[in-house]
Amino acid sequence: MTPPVPFDEQERLAALHEQAILDTPTEGEFDEITALAAEICGTPIALITLVDETRQWFKSRLGVNVHETPREVAFCSYSICGQGLFIVPDAGIDPRFSQNPLVQGDPHIRFYAGAPLLSDSGSALGTLCVIDRVPRQLTARQQNALAVLSRQVMRQMQFRKQVQTLKENETVLREQATLLDKAQDAILVRDLHHRILYWNRSAERLYGWSAQEAAGRSIHELIYDDTDAFFSSLARTLAEGEWTGELKQVSKTGSPLTVESRWTLVKDDQGKPKYILSINTDISERKRMEQQFLRAQRMESIGTLAGGIAHDLNNVLAPIMMSIELLKMDERDRTRLNILTTIEASAQRGADMVKQVLSFARGLETQQMNIETSQLLREIEKISQETFNKSIEIRSDIAADLWHVEGDPTQLHQVLINLCVNARDAMAHGGRLTITAKNVNLDAAYEAANMEAQKGPYVRIQVEDTGIGMKPEIQERIFEPFFTTKELGKGTGLGLSTTLAIIKSHGGFIRVHSEPGHGTRFRVYLPAAPNEAAVSVPMPEAELPRGHGECILVVDDESAVRQITQQTLLAFGYRVLLAADGSEAIAIYASRHQEITAVITDMMMPEMDGPAVIRVIKRMNPKVKIIAASGLNAHSMLARATAGGVNHFIPKPYTAEILLNTVHSVLSEAA
């Protein structure tokens, strides 16, 4: 007899195939239910069957060796047409099954009881059935247990489907995560309490925080210093569902970042806000290039304006200065002559300022020669050590193999002195000034990222201080002529604009980095000439008085001062003895006083100061000639020196001209 077909056959088959369970391997969870059903009902055979278009397939089997049978001979084909248990007490006398090959032959079915496996929509996908080879009945408790177990089979199938779906979703998510990790943009997801839920590889690279470090932490503490823009963007996102704009952020190391950010509000099934997806593109380099371009345009405009003003001022100053010279030629009245001299000096100062403005506006003409850069830097270091306040520590790190540069030594000297003086002024209460220099090869990538740079070898000179630092808005303007943050009368505002003009005229460029309270760093890049021999910088020959072999004792606790004083005196015909402190000076004078003609001593030294040294030496030889030197208050030191029988006082820092003229004058005095 042909079995009936369920009224919802198409829906039933669709629900069955949706389970994706047909022809899958055996699973222990189903086999345990089958064994329990056989034990409860006391049958040798138990099956979990699933009926498709042509067959009944056994997901689990106990007591039979086949995996499936044709649908037209399946007892389960009848069972799936109802909602309750389908029981055949004796198939041998049941006209529907008596001639069934499964009754007439193996497995010789006589008893069958099947409970349908009902989906959520009520379709029977198959059965949990028990079979015996002899006629029999099930008790009410056995029937109830079979029905309960059939529902358990269905729950297991649904759980299996959920697990399978989760695995598929996990695979999809993993693939999507892989794609997101390959994205160049930083992608992150946060909840409405701003805690990080997702953080891709590009976010790790951009911000420096690993996904593990970022997970669960507030986005504020990771990438924001200023939260005003963040909350403004958040309000727009919550109100409109999305937001796009630029944000200032920071990396793990505190480096500033500018990102182009796209925010999207993600809602749950009820339409309530749940997450915010952010996609951030790093535009820091692009913004830096834009700022460089705008700064260059602004400087060009300011230069054009300044050049025009300077030109007009020169036209005003030229006749004034020439007229003063003519008036002075015929003037005999001393008072009027002094007034003219004052006017002339002021006019000359104005002319010098105009010259600086023109150098910024139109560039400078340089006297090109090959310069030994390390020697130039050592001179700058020496000058800084000798002239800056003792509260400022001077450090240097100059590469031994530093390349030479082509340029004008006087102008480059001016650049470096100006940077060092600015550093000094930024450290009113003391600090550290560091001068470093090294060879660098700039590549194509650096050239592309920096407008003024060209690929090739450069000498990079860095002047760094630990002073008060600068705000970004100040940094934007420091190279503008007449811009200064110093007090009135303390600066013209032309130093850095002239510095920039000199560096550009040498084919170089300058970079500045500063933070308020954390000092300032200037980096000067000058094109190198690594393979050329340096030409010594010619020094002007001064008409200075020379010695005739007189022996001078130089006493100073500063090694650099002793050495430069010794070199100067030796170069002009004197013999020199050196003492690093007062005790050494007294010992040397006691043993060699007959050959020592004069003593030059610093007034401020540790342990035994200058006045004490002078008193002891004067007791040894009251006629000895003494020259006192100090960098402190000149008037008070002069009074102390005069009272101590000193022949002459020179303020530090003194020049070679002052030193040699003073020594010559003192030695020429009558004993």
> hydrophobic (A, V, I, L, M, F, W, C), farther than 30 Å from S630 by Cβ and at pLDDT below 85: does that describe L412?
Replying inline: no
>> Would you confirm whether or not region 380-399 contains a residue that is touching a helix residue (DSSP H, G or I) at 6+ places or on another chain (Cβ under 8 Å), touching a residue at least 24 places away in the same chain (Cβ under 8 Å), under 28 Å from E290 (Cα atoms) and charged (D, E, K, R)?
In response: no
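For region 50-63, which positions are within 14 Å of T26 (Cβ to Cβ) and touching a Lys or Arg at 6+ places or on another chain (Cβ under 9 Å)? Before you say what the answer is, go through the steps one by one.
So the first thing to find is which residues in region 50-63 are within 14 Å of T26 (Cβ to Cβ), and the list is 50, 57-62.
Passing the criteria: only L50.
Can you tell me which residue within region 1-31, out of those that are acidic (D, E) and surrounded by 13 or more Cβ atoms within 10 Å (Cβ to Cβ), is nearest to P107 (Cα to Cα)?
Among those residues, the one meeting the criterion is D31.
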>> Every residue in region 417-443 that is closer than 15 Å to Q385 by Cα, of a type in the set (G, A, S) and surrounded by fewer than 21 Cβ atoms within 10 Å (Cβ to Cβ), please.
In response: G430, G431
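Say we look at region 209-226 and pick out the residues that are exposed (fewer than 15 other Cβ atoms within 10 Å of the Cβ) and not small (G, A, S); which of these is modelled with the lowest pLDDT?
Here is the first cut: in region 209-226, the residues exposed (fewer than 15 other Cβ atoms within 10 Å of the Cβ) are 210, 212, 215-216, 218, 220-221, 225-226.
Narrowing further to those that are not small (G, A, S): 212, 220-221, 225-226.
Details: Q212: 91, H220: 83, E221: 84, D225: 74, D226: 69.
It comes out as D226.
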> Taking G42, is it among the small types (G, A, S), touching a helix residue (DSSP H, G or I) at 6+ places or on another chain (Cβ under 9 Å), at pLDDT 95 or above and loosely packed, with under 13 Cβ neighbours inside 10 Å?
Replying inline: yes
> Across region 581-625, which residue is farthest from the chain's Cα centre (by Cα) among those that are basic (K, R) and not in a helix (DSSP H, G or I)?
Replying inline: K623
> Between residues in region 25-37 that are assigned by TED's automatic domain parsing to the domain that holds Q156 and residues that are exposed (fewer than 13 other Cβ atoms within 10 Å of the Cβ) and among the hydrophobic types (A, V, I, L, M, F, W, C), which pairs lie under 9 Å by C-beta distance while being six or more apart or on different chains?
Replying inline: E29/F159
>> So, in region 414-451, how many residues would count as being in contact with a Gly (Cβ under 6 Å, 6 or more places away or on another chain) and part of a strand (DSSP E or B)?
In response: 1
>> Looking at region 209-233, I want the residues that are closer than 17 Å to T244 by Cα and have a partner that is assigned to a loop (DSSP other than H, G, I, E, B) with Cβ atoms under 9 Å, at least 6 apart or on another chain. Which pairs are those?
In response: F230/H194; F230/Y224
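Taking region 245-290 as the search range and keeping residues that are of a type in the set (D, E, K, R) and part of a loop (DSSP other than H, G, I, E, B), which one is farthest from W209 (Cα to Cα)? Spell out how you get there, then give the answer.
Filtering region 245-290 for residues of a type in the set (D, E, K, R) gives 246, 248, 252, 260, 262, 267-269, 272, 274, 282, 285-288, 290.
In the following step, the residues that additionally are part of a loop (DSSP other than H, G, I, E, B) were identified as 252, 268-269, 272.
Numbers: K252: 6, D268: 28, D269: 32, K272: 30 Å.
Checked region 245-290; the qualifying residue farthest from W209 (Cα to Cα) is D269.
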>> For region 562-577, give me each residue that is within 18 Å of S630 (Cβ to Cβ) and not hydroxyl-bearing (S, T, Y).
In response: R562, I564
> If the Cβ limit is 9 Å and pairs must be 6+ apart or interchain, which residue in region 61-73 that is assigned by TED's automatic domain parsing to the domain that holds A46 and assigned to a loop (DSSP other than H, G, I, E, B) pairs with which residue that is modelled with pLDDT of 95 or more and aromatic (F, W, Y)?
Replying inline: V64/F58; V66/F58; H67/W57; H67/F58
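L197: closer than 30 Å to I223 by Cα, in contact with an Asp or Glu (Cβ under 7 Å, 6 or more places away or on another chain) and surrounded by 11 or more Cβ atoms within 10 Å (Cβ to Cβ), yes or no?
On the way: closer than 30 Å to I223 by Cα: yes; in contact with an Asp or Glu (Cβ under 7 Å, 6 or more places away or on another chain): yes; surrounded by 11 or more Cβ atoms within 10 Å (Cβ to Cβ): yes.
Yes, satisfied.
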> If only one of V134, V189, V148, V153 is in contact with a Ser or Thr (Cβ under 9 Å, 6 or more places away or on another chain), assigned by TED's automatic domain parsing to the domain that holds F97 and among the β-branched types (V, I, T), which one is it?
Replying inline: V153
> Which condition number in (1) part of a loop (DSSP other than H, G, I, E, B); (2) over 13 Å from T127 (Cα atoms); (3) of a type in the set (A, V, I, L, M, F, W, C) is the one that A38 fails?
Replying inline: (1)
>> Regarding region 11-26, can at least one residue be identified that is within 23 Å of L146 (Cβ to Cβ), in a strand (DSSP E or B) and of a type in the set (V, I, T)?
In response: no
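Only residues that are under 14 Å from T281 (Cα atoms) and in contact (Cβ under 8 Å) with a residue 24 or more places away in the chain: list them for region 257-270, please.
L257, T258, V259, S261, W263, listed by residue number.
The values are calculated or read from the model by the stated rules, or taken from the named source; none is laboratory data. Quick caveat: nothing in here was measured; it's all calculated off a predicted structure. Glycine also receives a Cβ, built like all others from the backbone with ideal geometry; neighbour counts cover every protein chain displayed.
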